[in-house]
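Here is the structure we will look at, set down as structure tokens.
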Amino acid sequence: MNRSTPGVTPLRQRMLEDMHLRKLEPKTQTSYVRAVRKLAVFLKRSPDTATAEDLRRFQLHLVDQGTSPITLNATITGLKFFFDTTLDHGELMAKMSPVRVPRQCPT
């Protein structure tokens, strides 16, 4: 069965297929694709060419922009899926760790 979508790059198609295989929810898939697209826009090139230093600069860029911890963690999770599962380059994500989300004490 060919699930290819017209106008989609082979790399994105592979990621979509990987997410489909793992039965990820549509909202999760959208979030993961958005994370990889943000990285590509930041790099101004294909995300599969990113280095560990590029990823570090991207995370710093997101923090400098004032990205919330929850959004930052969602982006990191999407990139982790992309590099670990789709590209099999998990070592690039080794130093990117989620940020602590401040907890609110109940009143």
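The values are calculated or read from the model by the stated rules, or taken from the named source; none is laboratory data. What you see is a predicted model, and the numbers here were worked out from it, not measured in a lab. Positions of Cβ are backbone-derived with ideal geometry, glycine not excepted, and every protein chain shown enters the neighbour counts. Note: areas computed on protein heavy atoms with side chains; ligands, DNA, RNA excluded. Shrake-Rupley method; radii C 1.70, N 1.55, O 1.52, S 1.80 Å.
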Worksheet entry | Efficiency of FRET between Lys44 and Glu91 - r from beta-carbon atoms, R0 22 angstrom, step 0.05 | 0.40
Worksheet entry | Distance in nm between pseudo-label sites at Arg14 and Thr71 (7 Å out along the Cβ direction from Cα) | 3.0
Fill in: Eligible aspartates and glutamates near Lys95 by straight Cα distance, threshold 19 Å, same-chain separation 8 or greater
Asp48, Glu53, Asp54, Asp64, Asp84
Item to complete: Enter the accessible area of Val99 (Å², nearest 10), with the probe set to 1.4 Å and all protein chains included.
Response: 50
Fill in: Fluctuation leader among Leu24, Leu55, Leu39 - the chain, Gaussian network, Cα springs under 10 angstrom
Leu24
Worksheet item: By how many nm would the segment from Arg103 to Leu60 lengthen if fully extended, with 0.36 nm per residue of separation less the alpha-carbon distance?
Response: 13.3 nm
Worksheet, complete the sentence: By accessible area (1.4 Å), largest first, Asp88, Asp48, Asp54 order as Asp88, Asp48, Asp54
Worksheet, complete the sentence: With the 1.4 Å probe rolled over protein heavy atoms, region 59-103 has an accessible area per residue in Å² of 61
